[in-house]
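Structure first, then comments.
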Amino acid sequence: MKKIVSMMVMVAVMAFGVLAFTQVASAEEKCTGAITKIEMSTDAASATVTVKDNKTEKDIVVIVNDPETLDKFKDHRINEGDEIKMKYENSDGKNVSKYFRKTAGC
């Protein structure tokens, strides 16, 4: 009887671990596509970028906060029409960039 109970507990713990891992892994999204719009904030501390996803053909709006990418927007190393590869997470109903690079490098 002890073996059955301990097996059931072990299976439940493993199932919970898999479920938790799946939720963490699905929190980050990936996208490759062309930039259709870049809007810098008034204080230049962030930018709202619209990217047309190559796979789904849908527009994805993402907030970019990292200083390196913002500098690339300012000095036009990344422009509208450029193809980029990005990773982002949905935080409080907004997509926030975690990785944002040109596919050709930059």
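Every read-out reported here was derived from the displayed coordinates using simple, explicitly stated rules and does not represent laboratory data. Computed from a predicted structure; not experimentally measured. We place every Cβ from the backbone using ideal geometry, glycine too, and count neighbours over all the protein chains shown.
Between rounded, prolate and oblate, where does the stretch 29-102 land on the alpha carbon gyration tensor, with a ≥ b ≥ c its root eigenvalues, rounded for a/c under 1.5, else prolate if a/b exceeds b/c? Taking the square roots of the gyration eigenvalues as a ≥ b ≥ c, the stretch 29-102 is oblate.
For the stretch 50-80, the list of trypsin sites (Lys or Arg not before Pro) that fall in a loop by DSSP and count at most 16 other C-beta atoms within 10 angstrom reads Lys55, Lys58, Arg77.
Taking 18 Å as the cut-off for C-alpha to C-alpha distance, list the pairs among Lys30/Lys74; Lys37/Lys72; Lys55/Lys85; Lys30/Lys52; Lys55/Lys94; Lys55/Lys87 that go past it. Those over the limit are Lys30/Lys74; Lys55/Lys94. Take every pair of alpha-carbon atoms less than 8 Å apart whose residues are at least six positions apart; their mean separation over the length of the stretch 29-102 yields a relative contact order of 32 percent.
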